[in-house]
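Take a look at the structure set out below.
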Amino acid sequence: MHKKTTPWFLLLLLIFLAPVVFYFIEQPVRVVAIEEKVVYNLPYPGILPDHPLYFLKALRDRINDWLTRDNLKKAELYLLYSDKRVSMAQLLSKKGKINLAINTFSKGEKYFLKIPSLLEKAKKQGVSPPSDF
């Protein structure tokens, strides 16, 4: 009789004690996420595309782009151009010139999309961008 009650006793013991054991073993882990706010200041855009002399600024930018041969420097230049275009687009939208703002923002995005390939080329040449880039 003793051999028949032992498995049942062990099964009941397991059923009733398992939740208690797991309660003490697996305490819930609390994860606290710390939010870090990133402040990214856009540069001063200078004259806007609606200004009559803007073509001079665009010409200067193209010449500067053409003269810059280092891939890392060109990536930094494109980031600056991209940020300036975003800042211009913000100011143009505040002025109510939405179509020009969208066009300007699009040009800034095109500059930004050129950066990864320039960084790849720089890495192949053994130059890595600074950590703050």
- Is it possible to state the helix-based mean residue ellipticity at 222 nm for the chain, with each DSSP H run of 4+ residues giving -39500 (n - 2.57), the sum divided by total residues, to the nearest 500 deg cm²/dmol? What is it? -23500 deg cm²/dmol
- Item | Approximate spin-label separation Y44-R30, in nm, with each point projected 7 Å along Cα-to-Cβ | 4.9 nm
- HN-Hα couplings for region 91-97 via Karplus (6.51, -1.76, 1.60; θ = phi - 60°), in whole Hz with x for Gly/Pro, come out as 5, 5, 5, 5, 6, x, 9
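What is the packing order of peptides 109-120, 53-64, taking the mean over residues of other C-beta atoms within 10 Å and listing the highest first?
The packing order, highest mean first, is 109-120, 53-64.
Got a sec? What order do D50, D132 fall in by accessible area at 1.4 Å, biggest, i.e. largest, first?
From most accessible down to least: D132, D50.
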- Query: So what is the relative contact order of the chain, in percent, for Cα pairs below 8 Å that sit 6 or more residues apart?
  - Reply: 23 percent
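For region 29-87, what is the accessible area per residue in Å², given a 1.4 Å probe and the full set of protein chains? It would help to have the intermediate numbers written out before the result.
Details: 4570 Å² over 59 residues.
Value for region 29-87: 77 Å² per residue.
The values are calculated or read from the model by the stated rules, or taken from the named source; none is laboratory data. This is a predicted model, so every value here is computed, not measured. Using ideal geometry, Cβ is built from the backbone for each residue, glycine included, and neighbour counts are taken over all protein chains shown. Side chains included, ligands, DNA and RNA excluded: accessible areas come from the protein's heavy atoms. Shrake-Rupley method; radii C 1.70, N 1.55, O 1.52, S 1.80 Å.
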